[in-house]
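Any read-out appearing in this document is the output of simple, stated calculations on the displayed coordinates, not a laboratory observation. What you are looking at is a predicted structure, and each value in this text was computed from that prediction instead of being measured. Note: ideal-geometry Cβ built from the backbone for every residue, glycine included; neighbour counts use all protein chains shown.
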Ligand code: AMP
Ligand code: FE
Ligand code: FE
Ligand code: ZN
């Protein structure tokens, strides 16, 4: 069994890269991909741990993209989440994608300071240090999920989702935008590094199926190589249409649990919420599509 979509404490997961590999070993997995948000730095530790445990660890990433591109194409604007693009088999040496990730991390850090200021203006005495602690200590990459956890702890909101609905979601009181790539830009960046771009959890785009079809066409034109059709968040039967869509466009149909450890305890590894596991052969398909 394999799991091609997992997160560590480097972004918003609950396990360090080594802990993640231990859990993959305990779950009997032969391979995992570490796909932290906008950051591949956990992969080095995970790959070393994987070598000891006899588990292949694929260097990956999950980049958030600006779906205003969808609006530009004439689709109705709405409160859509950002689009997520997974990248697999990133080189471990300096490459165009790694420079772009460093830049995203810089912009994210600035945004995070502004979110703290905004929350303080709103009367919530959150400190940057507290949020950093929530994310795993100094230097850790902070994401909105860490802010959500801190808001819950302060009693400012009853739960994680309310933290997003009232403060952190797009359009909410403490929402601050940050640098986001357009889907085609992120796709091209991954290709330029020899990595394999895959559209994550397509059902979260909340598009009508014909709209999704056209949107995927635009990504394929930019060089998209795969689409998730085995994501743990949706029952298996409901994902067959996404798999069919992928097959019809000669895309690799990939997937994983989107494991986040204790940060999202409902998503177990490898099957996620609905026990949907990606077939083993997908790993070789991704490897064959990579230029590294
Ligand atoms: P960031 O990358 O720091 O902007 O945070 C993005 C993460 O926040 C996503 O990967 C989700 O886990 C979470 N998120 C974003 N929007 C929402 C929302 N409306 N409700 C719940 N979680 C969200
Ligand atoms: Fe996440
Ligand atoms: Fe995602
Ligand atoms: Zn993810």
Legend entry - Distance in nm between pseudo-label sites at residue 122 and residue 165 (7 Å out along the Cβ direction from Cα): 1.4
Inset, instruction - Please find, in a Gaussian network model of the chain (springs between Cα atoms separated by less than 10 Å), the residue of 195, 149, 186 whose mean-square fluctuation is greatest. - result: 149
Inset, instruction - Calculate for the chain the 222 nm mean residue ellipticity that helices alone would give, adding -39,500 (n - 2.57) per DSSP H run of length 4 or more and normalising by residue count, nearest 500 deg cm²/dmol. - result: -12500 deg cm²/dmol
Inset, instruction - Tell me the label-point distance for the pair residue 236, residue 51, using the 7 Å Cα-to-Cβ offset, in nm and rounded to one decimal. - result: 3.6
Legend entry - Ranking of 187, 177 by count of other Cβ atoms within 10 Å, fewest first: 177, 187
Legend entry - Length gained when the stretch residue 249-residue 105 is fully extended (0.36 nm per residue, less Cα-Cα span): 48.5 nm
Legend entry - GNM result for the chain, Cα springs below 10 Å: residue of 91, 17, 265 fluctuating most strongly: 265
Inset, instruction - At 0.36 nm per residue, minus the direct Cα-Cα distance, what do residue 179 and residue 288 gain on full extension? Give it in nm, one decimal, please. - result: 36.1 nm
Legend entry - Ranked list, fewest to most other Cβ atoms within 10 Å of each Cβ, for 214, 267, 108: 214, 108, 267
Inset, instruction - Mind jotting down the distance between the C-alpha centroids of the stretch 37-61 and the stretch 158-174, whole Å? - result: 32
Legend entry - Cα-Cα separations in the stretch 211-283 greater than 18 Å, expressed as whole percent: 42
Legend entry - Which of 147, 128, 164, 209 has the fewest Cβ neighbours within 10 Å, and the rest in rising order: 209, 128, 164, 147
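Percent of Cα-Cα pairs more than 14 Å apart in the stretch 114-161, please.
The share of Cα pairs beyond 14 Å in the stretch 114-161 comes to 45 percent.
Given the Cα atoms of the stretch 137-239, and with Rh set as the inverse mean 1/r over their pairs in the Kirkwood sense, what is Rg to Rh to two decimals?
1.05
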Inset, instruction - For the chain, set up a Gaussian network in which alpha carbons nearer than 10 Å are linked by springs, and say which option among 271, 255, 87 fluctuates the most. - result: 271
Inset, instruction - Take the Cβ-Cβ distance between residue 114 and residue 273 as r, set R0 to 51 Å, and report the resulting FRET efficiency rounded to the nearest 0.05. - result: 0.95
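Using square roots of five times the C-alpha gyration tensor eigenvalues, list the equivalent-ellipsoid semi-axes of the chain in whole Å, biggest first.
28, 23, 18
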